[in-house]
Amino acid sequence: MASSISLVTQPLASMAIAPTVVIRSALAQAGTHLQKLGSKGLVVTGNHTAKLGSKSLEILQKSYGLTLPLASYLPDCAESSLEQLRQRVHQEQPDFILGIGGGKALDTAKLLAHQTQLAIATVPTSAATCAGWTALANVYSETGAFLYDVALDRCPDLLIVDYELIQRAEPRLLVAGIGDAIAKWYEASVSSGQSSDTFTVAAVQQARILRDILLQKSAEALAHPGSETWREVVDASLLMAGVIGGLGGANCRTVAAHAVHNGLTQLPQAHHALHGEKVAYGILVQLRLEELVSGNQLAATARRQLLSFYDQIGLPKTLKDLGLGQISLEDLRQTANFTCLPNSDIHRLPFTVTPEILMAAMVSTLVEEQGARQLFAQIQDNSGL
């Protein structure tokens, strides 16, 4: 009698890799795709973006029979805003949520859809972040201070990439998006550790390719908006960055660059700086930490390469560039303390980071190596900045 073999299978963890559908189309021409989500959508947006998209929304309502009432996410992607928006959902009874705008508008729309179990479509109005793609959202205070992030159960049901709408955004937003996207390599290559997971390896390799695309093509793209190269860089910042987060999941999370961003949002005087600008500065801080705490000379080389790249496209290299040249020691310590909270992603670095060491790294992104080491020594000796 033949022996039987029992196969024990382990359930696969849920993976939110990509939106169900991604279309490259003018918003006004996306009615057929939106109709698949329902006949009524609550449009979550900001005041400025509502004006930008008003003609497209009018066409969608007249030509496709959609009902699209507006709802503002302001003052921020905050718990109070979400509470008001949930009340609007109760009043309007929409079939889906349509998020139009920048990262915070899209995060709010995704969170609202998640909380109310509705379908979600996203329409980025700039290439400043990959929020239109991802199954992740950040929550802030009403005054713009980062509080926590939320992992969502799925990516958007529909992502509409309207290049004409994106091209109307000021160039600074694309520059910021480049800063946010290029961080994928510097963070994923650290947070992935020695993982041999197939999707993690693929995500890290894609992050390296993304970095190379941005280093090679960003300057030309910014000089020629609307060109093929411009579209390639927009796609890299909006879409490819999202792919990396979807494939890598928990193994390719943010590290120090985004943690520094989160710390800087605690300062009201830093709120004028865009998300990607603060992240870009955070990359330099992370590389400085890797260079001087662990002696990683590859990090030193990467930092010097990025300094030249930042000069080329206009990303901030120092606190002064972020408008924080007169930051007080108290404010700097507040930022460092928040960045180093126990649950912070900065602790994904393979060495211990204290607020004091972080403060030294934050003020020394441009300092030559010997001076930076002396500064680190002063901090470690409790000699002050």
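What follows is calculated from the coordinates using simple rules that are stated; it is not laboratory data. Quick caveat: nothing in here was measured; it's all calculated off a predicted structure. Virtual Cβ from ideal backbone geometry, glycine too; neighbours counted across all protein chains shown.
The table that follows gives values for the structure above.
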{"item": "Among [x] 137; [y] 208; [z] 170, the entry derived from the coordinates for volume of the Cα convex hull per residue in Å³", "result": "[z]"}
{"item": "Kirkwood hydrodynamic radius of the range 229-292, from inverse mean 1/r over distinct Cα pairs, in Å", "result": "13.2 Å"}
{"item": "Amide proton proximity set for K40, modelled H, under 5 Å, gap of 5+", "result": "T67, D95, F96"}
{"item": "Antiparallel DSSP beta bridges within the chain, percent to nearest 5", "result": "20 percent"}
{"item": "Net +/- balance of residues flanking V234 in space, Cβ distance below 15 Å, scoring K and R +1, D and E -1", "result": "-3"}
{"item": "Likely footprinting exposure, K104, K51, fewest C-beta neighbours within 10 Å first", "result": "K51, K104"}
{"item": "Separation of alpha-carbon centers, the range 211-265 and the range 275-350, rounded to whole Å", "result": "17 Å"}
{"item": "For peptides 76-85, 57-66, sequence by mean Cβ density within 10 Å, most packed first", "result": "76-85, 57-66"}
{"item": "Hydrodynamic radius of the range 21-169 per Kirkwood, over alpha carbon pairs, in Å", "result": "14.8 Å"}
{"item": "Of K40/K110; K110/K278; K104/K320, pairs whose Cα-Cα distance is over 20 Å", "result": "K110/K278; K104/K320"}
{"item": "Mean separation of Cα contacts under 8 Å, 6 or more apart, over the residue count of the chain: relative contact order %", "result": "14 percent"}
{"item": "Residue of P124, P69, P268 that the Gaussian network model of the chain assigns the largest fluctuation, springs spanning Cα pairs under 10 Å", "result": "P268"}
{"item": "Tensor-based shape of the range 255-385 (alpha-carbon gyration tensor, a/c under 1.5 rounded, otherwise prolate or oblate)", "result": "rounded"}
{"item": "Sorted by Cβ neighbour density within 10 Å, fewest at the top, the residues T108, T125", "result": "T125, T108"}
{"item": "Ranked D331, D345, criterion: other C-beta atoms within 10 Å, fewest first", "result": "D331, D345"}
{"item": "Listed residues L375, L210, L298, most fluctuating in the chain (Gaussian network, C-alpha, under 10 Å)", "result": "L298"}
{"item": "Relative contact order (%) - criterion: Cα under 8 Å, at least six apart; region: the range 170-253", "result": "43 percent"}
{"item": "Pairwise centroid distance, computed over Cα atoms, of the range 99-125 with the range 30-82, Å", "result": "10 Å"}
{"item": "Principal-axis tilt of helix 275-293 within the chain, Cα atoms, nearest 10 degrees", "result": "30 degrees"}
{"item": "Point-to-point label distance, Q35-R168, nm (Cα→Cβ direction, 7 Å offset)", "result": "2.4 nm"}
{"item": "Estimated FRET transfer efficiency (V367, Q334; beta-carbon r; R0 30 Å; 0.05)", "result": "0.85"}
{"item": "Gaussian network model of the chain, Cα within-10 Å springs - most flexible of T67, T301, T265", "result": "T301"}
{"item": "Degrees separating the helix 79-92 axis from the principal Cα axis of the chain, which is the longest one", "result": "10 degrees"}
{"item": "CD proxy at 222 nm, helix term only [per DSSP H run n ≥ 4: -39500 (n - 2.57); per residue of the chain; nearest 500]", "result": "-15500 deg cm²/dmol"}
